[in-house]
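Beneath this line is the structure, given in structure tokens, with notes to follow.
The values are calculated or read from the model by the stated rules, or taken from the named source; none is laboratory data. As the structure is a prediction and not an experimental result, all values here were calculated from the model. Here Cβ is always computed from backbone atoms with ideal geometry, including for glycine, and neighbour counts include all displayed protein chains. Keep in mind that these areas ignore ligands, DNA and RNA; they rest on the heavy atoms of the full protein, side chains included. Shrake-Rupley method; radii C 1.70, N 1.55, O 1.52, S 1.80 Å.
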Amino acid sequence: MTETVLKLQQIKRWFGDGDKRLHVLKGVDLEIKKGEIVALVGPSGSGKSTLLYVTGLLDQPSAGEIYLAGQKCSKMKEKERTLMRRKYLGFVYQSHLLLPDFSALENVMMPQLIGGISPSEAKEKGLWLLEKMGLKARAKHRPGELSGGEQQRVAIARALANGPHLLLADEPTGNLDPKTSEKVFIELLNLVRETGLSALIATHNPDLASQMDRRVRLENGVLVEEV
């Protein structure tokens, strides 16, 4: 039986109280198996980013349970959540959020060093990931010396540096032109598949969504499986 990496069970998230309470997630159920790449689609304002933040343990659900690598997470204290994020999750955002004073390689090494990996091992892994993203020759360049597509490739390499079980990506190529977006996205999918991890990727682009294993649509606060 294929291992379940992520299970969301009746996840609800609301903001405010009483009559002013705004219900964003109204009972989300989702299960992602090991090695599965799932597209999260839906109109702007439907709550995709909220769902990713809750799934990534950056925000707590108002109700429901999150199972990550078989562990219940919704009631964890912040320190425990931080350790879970560090061990099991990788994040790619629409903006690359790279550290401007560090090289591409140093940006990819940083999460590994924080996780206790030796500098030599972190460098080796960092160079391997940058090579996979076509950036080994740019390893010593700082973000300001890289194009938008190159910066996002570095961000993807950084997200995978600690070997997460699950990658969460929020419009990872949304700031790029269509041609660059498609190229970077294909490189992302290839690297995710090569490393065998799972992914939940939010996108507005139907062409990109169609390249993933399956699609789920967030509508009126719940997920609907697309055929």
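Taking all protein chains as shown and a probe of 1.4 angstrom, residue 110 keeps an accessible surface of around 50 Å².
Structure note, pairs 48/179; 12/183; 48/87; 79/132; 72/123: Cα-Cα distances above 27 angstrom occur for 12/183; 79/132; 72/123.
When both segment 64-86 and segment 8-31 are represented by their alpha-carbon centers, they are found 18 Å apart.
Loop-located trypsin sites (Lys or Arg not before Pro) across segment 106-174 with a Cβ neighbour count of 13 or fewer within 10 Å are 140, with loop assigned by DSSP.
Accessible area per residue for the chain in Å², computed with a 1.4 Å probe and the full protein assembly in place, what is it?
Dividing the accessible area of the chain by its residue count gives 50 Å².
Expressed as a whole percent, the accessible surface of the chain that belongs to carbon and sulfur atoms is 50, based on a 1.4 Å probe.
Which of the trypsin sites (Lys or Arg not before Pro) found in segment 1-104 are in a DSSP loop and have at most 12 neighbouring Cβ atoms, other than their own, within 10 Å?
On the way: sites: 7, 12, 13, 20, 21, 26, 33, 34, 48, 72, 75, 77, 79, 81, 85, 86, 87; in loops: 21, 34, 75, 77.
Listed in order of number, the matching sites are 21, 75, 77.
From the alpha carbon centroid of segment 45-62 to that of segment 102-159 is 27 Å.
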